[in-house]
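Worksheet for the structure shown next.
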Amino acid sequence: MKIQKIGDIQPTLPFTEYDFLKKYRESFAVSELGRIHAILPLKEMAEELASHFPKKHPQGNKPTFPPEGEIALMFLKPYTRLSDDGLIEMLNGSIHMQMFCGVLIDPSNPIRDGKIVSAIRNRLAPALDIVRQQSVLYGKWEKLLKDKNLCMSDATCYESCLRYPTDIKLMWECCEWLHGLLHKACREQGERLPRSKYNEVSKARLAYAKQRKPKKSATRKIQRRLLSLLGKLIGQWDSLCRWYAPVITLTAEQHKRILAIREVHRQQTDHFNRKEVKHRIVSIDRPYIRPIVRGKENRRVEFGAKVNNIQIDGITFIEHHSFEAFNEGTRLRQCVEYQESLTGVKVTRIGMDTIYASNENRKYCTERGIMTNFVRKGPKPKDEPADVSAARRIIGNLRATVMEGSFGNQKQHFGVGRIAARNRHSETLLLFFGIHMANAATLAARQLAAELSSKEKKRA
């Protein structure tokens with residue numbers, strides 16, 4: 001593949017007016033992508049993942065992208081919000097994006113393999129260390145941030161891209177996939193497909209799905225039939241595996257799905273019998289996703305990664321993330337300690353939601369002399385200065401506007417609203433680069449606004 005690093009290309013034309021690459025570089029420097037590229041510490045981030053980049057073989061082909069180019073490609077994914085194939089297609093035709101990744105692609109021989117993006121993502125995702133990478137990012141952005149003694153924190157759910165799960169849909173997906181696998185294995189081994197009531201249950205499930213408001217009795221009936229069918233299919237698959245154990249081989253993805261289906265059958269049986277079920281699976285494709293009860297008016301339950309973020313001067317950093325539900329109100333101390341370790345500045349002010357205002361957290365803030373925006377308990381003190389109450393109100397307004405607004409900006413414009421990934425490592429990587437691409441775009445816009453205002457002042 002005729003791809004060259006831009007740094008290795010030397011000007012060969014004798015006339016400067018024909019040096020198109022120089023003109024592209026100048027236009028790239030003043031573009032939005034160029035400003036974002038100048039803000040991102042791509043080389044330092046690549047050094048943290050140096051052991052996971054492909055080595056240069058003396059007799060083989062060179063890697064398509066340099067290490068910092070692979071990191072830049074991960075930032076381009078949330079910036080463009082395109083699929084992997086769409087991103088490669090745009091990269092082939094955009095000289096600015098090629099400069100962002102540090103490569104120059106021959107137009108007559110473009111990249112045709114769209115899977116290169118997923119290959120890079122799957123290679124880097126398991127090695128991603130969020131804490132160390134955020135330390136590298138903060139080291140680059142430190143001089144651009146103010147109010148480092150103010151800690152604002154809030155949690156949100158970055159949803160995964162999946163259909164809204166119900167018990168009926170989940171069990172039918174298990175039955176449908178396992179029946180297909182069983183049918184394929186029987187055909188390969190020359191065995192007759194074991195008898196089951198798959199076709200009858202399929203018709204009953206379709207009739208149930210067409211009902212506008214099914215009764216509870218109808219729901220219980222179809223749940224009972226699906227549980228019975230799923231249990232029978234699992235037993236038939238186990239019997240077939242015992243007969244043809246050396247011959248039947250499964251891929252890692254198929255083996256993972258069968259384990260998830262067994263767990264779904266156990267959980268749904270307990271749920272049908274009115275027992276408490278913990279760590280409920282809502283997708284056999286991504287069994288690590290859990291229902292996150294948020295209690296919002298328009299969406300009571302969300303499905304994805306729950307993340308507790310801290311914000312420094314409008315720039316978001318991940319403090320804690322998990323696919324299991326957790327109470328963010330217990331993480332005030334960890335938020336303060338993480339921001340102090342990141343910035344080296346003592347936190348003196350806190351802006352957080354009312355869920356953080358527990359007695360334990362209030363006592364911790366009082367002992368450390370930290371001002372909060374929490375509503376006071378008991379009567380308002382008569383001797384409280386007016387500037388203190390005004391400062392509390394300002395901090396609360398900042399948290400409610402700047403931080404909540406940053407969540408909407410990330411989800412709507414940088415591809416973390418509904419994350420499409422196949423495993424937890426890739427989903428975490430897409431989440432990380434989406435959040436910090438939003439940060440880089442915010443800082444680039446600030447720098448541009450500061451430059452324009454300084455020019456206006458000079459003109460005046």
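Observations, loosely collected:
- Subset of the range 409-440 that is over 14 Å from Ala305 (Cβ atoms) and among the hydrophobic types (A, V, I, L, M, F, W, C) - its residue that is farthest from the chain's Cα centre (by Cα): Ala440
- Looking only at the range 187-235, and only at residues there that are assigned to a helix (DSSP H, G or I), within 37 Å of the chain's Cα centre (by Cα) and among the polar types (S, T, N, Q), the one that is surrounded by the most Cβ atoms within 10 Å (Cβ to Cβ): Gln223
- Pairs linking a residue in the range 297-311 that is over 16 Å from Val416 (Cβ atoms) to a residue that is open to solvent by less than 100 Å² (accessible area, probe 1.4 Å) and not in a strand (DSSP E or B), with Cβ atoms under 8 Å and 6 or more positions apart or on different chains, are Arg300/Arg294; Val301/Arg294; Ile310/Cys335; Ile310/Tyr338; Ile310/Gln339.
- Boolean, Ala445 is at pLDDT 90 or above, under 28 Å from Lys143 (Cα atoms) and open to solvent by 30 Å² or more (accessible area, probe 1.4 Å): yes
- Condition check for Gln268: more than 21 Å from the chain's Cα centre (by Cα) and surrounded by 19 or more Cβ atoms within 10 Å (Cβ to Cβ): yes
A quick yes/no check of all residues on (1) under 30 Å from Glu142 (Cα atoms); (2) of a type in the set (Lys, Arg); (3) open to solvent by less than 70 Å² (accessible area, probe 1.4 Å):
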| residue | (1), (2), (3) |
| --- | --- |
| Ile258 | no, no, yes |
| Ile261 | no, no, yes |
| Arg300 | no, yes, no |
| Ile312 | yes, no, yes |
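- The range 385-421: number of residues that are in contact with a Cys (Cβ under 8 Å, 6 or more places away or on another chain) and open to solvent by 40 Å² or more (accessible area, probe 1.4 Å): 2
- Strands (runs of 3 or more DSSP E) completely within the range 275-341 that count 1 or more residues being charged (D, E, K, R) and touching a strand residue (DSSP E or B) at 6+ places or on another chain (Cβ under 7 Å): 301-312, 315-322
- Residue in the range 348-362 that is open to solvent by 70 Å² or more (accessible area, probe 1.4 Å) and either basic (Lys, Arg) or touching a residue at least 60 places away in the same chain (Cβ under 8 Å) (or both) present: no
- Search result, residues across the range 318-353 that are in contact with a helix residue (DSSP H, G or I) (Cβ under 8 Å, 6 or more places away or on another chain) and within 20 Å of His425 (Cβ to Cβ): Ile318, Glu319, His320, His321, Phe323
The values are calculated or read from the model by the stated rules, or taken from the named source; none is laboratory data. Computed from a predicted structure; not experimentally measured. FYI the Cβ positions are ideal-geometry reconstructions off the backbone, even for glycines, and counts take in every protein chain you see. Keep in mind that these areas ignore ligands, DNA and RNA; they rest on the heavy atoms of the full protein, side chains included. Shrake-Rupley method; radii C 1.70, N 1.55, O 1.52, S 1.80 Å.
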